[in-house]
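Worksheet: the structure to be examined is printed underneath.
The values are calculated or read from the model by the stated rules, or taken from the named source; none is laboratory data. Predicted model only: the values in this text are computed from it and were never measured. All Cβ positions, glycine included, derive from the backbone under ideal geometry; neighbour counts span all protein chains shown.
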Amino acid sequence: MKRTILLAGVAVVSGCVSAEQLDKIYGSQTTPTAAERAAAVAYIKTTFYDPYSIRDASISNALTLLDTGYRSICVRFNAKNRMGGYVGMTSTSLRFQGAAVVSSLQDAPGCNTARLTYSSFPELENL
């Protein structure tokens with residue numbers, strides 16, 4: 001029987017994700033491309049409530065999700081909610097196919113691991 005396991009906010013279908021597979025996924029980290037960074041900004045601008053209030057933004061390295069053809073990038077930031085208050089740091093996983101965002105998952109558990117490397121994301125703070 002196959003199980004769906006969430007990793008960096010992306011469903012990976014397999015019988016079981018072993019420690020070796022996790023090592024392979026986290027070992028595949030590469031710096032996001034300029035096209036992926038631009039697609040992340042465009043996606044957040046069109047789907048988040050108040051993207052212009054974003055501060056303290058950071059972006060993770062991109063992970064290759066086994067043999068699925070997808071890449072995953074996590075974005076962390078602090079932004080205002082619908083009531084106008086800052087909610088604290090949240091993480092969102094963006095799943096890419098090529099340079100296009102195809103889905104996202106807010107508060108993705110795989111975004112909060114020490115194995116994932118983050119860097120500043122000024123493009124998102126300067127909307």
Margin query: Is it the case, given these coordinates, that Ala34 is modelled with pLDDT under 85 and not basic (Lys, Arg)?
Written below: no
Next item on the list: Give the number of residues within segment 47-80 that are assigned to a loop (DSSP other than H, G, I, E, B) and in contact with a Ser or Thr (Cβ under 7 Å, 6 or more places away or on another chain).
Entry: 2
Item checked: Residue check, Ala99 touching a helix residue (DSSP H, G or I) at 6+ places or on another chain (Cβ under 6 Å), surrounded by 13 or more Cβ atoms within 10 Å (Cβ to Cβ) and either within 23 Å of Ser28 (Cβ to Cβ) or among the aromatic types (Phe, Trp, Tyr) (or both) -> yes
Margin query: Need the failing condition index for Ser104 against (1) touching a residue at least 40 places away in the same chain (Cβ under 8 Å); (2) farther than 24 Å from Thr30 by Cβ, just the number.
Written below: (2)
Check: So, in segment 68-88, of the ones that are closer than 15 Å to Gln106 by Cα and out of contact with any Leu (no Cβ under 7 Å at 6 or more places or on another chain), which residue ends up surrounded by the fewest Cβ atoms within 10 Å (Cβ to Cβ)?
Finding: Gly88
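Given the options Leu65, Leu94, name the one that is aliphatic (A, V, I, L, M), modelled with pLDDT under 90 and surrounded by 14 or more Cβ atoms within 10 Å (Cβ to Cβ).
Just one listed residue meets the conditions, Leu65.
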Check: In segment 52-67, what count of residues is obtained for those that are out of contact with any strand residue (DSSP E or B) (no Cβ under 7 Å at 6 or more places or on another chain) and touching a residue at least 24 places away in the same chain (Cβ under 8 Å)?
Finding: 1
Checklist line | Residue list for segment 81-127, restricted to those being assigned to a helix (DSSP H, G or I), over 15 Å from Asp56 (Cα atoms) and hydrophobic (A, V, I, L, M, F, W, C) | finding: Cys111
Check: Applying the selection to segment 27-36, what residues are touching a residue at least 24 places away in the same chain (Cβ under 8 Å) and out of contact with any strand residue (DSSP E or B) (no Cβ under 7 Å at 6 or more places or on another chain)?
Finding: Thr31, Thr33, Ala35
Notebook entry, point to check: So which residues in segment 27-43 are buried (at least 19 other Cβ atoms within 10 Å of the Cβ) and either touching a Ser or Thr at 6+ places or on another chain (Cβ under 8 Å) or not in a helix (DSSP H, G or I) (or both), if there are any at all?
Noted result: Pro32, Tyr43
Next item on the list: Output the number of residues of segment 103-127 satisfying the condition of being within 19 Å of Ala35 (Cβ to Cβ) and either in contact with a Phe, Trp or Tyr (Cβ under 6 Å, 6 or more places away or on another chain) or exposed (fewer than 13 other Cβ atoms within 10 Å of the Cβ) (or both).
Entry: 5
Next item on the list: Being buried (at least 20 other Cβ atoms within 10 Å of the Cβ) and of a type in the set (S, T, N, Q) narrows it down to one of Ser53, Ser60, so name that one.
Entry: Ser60
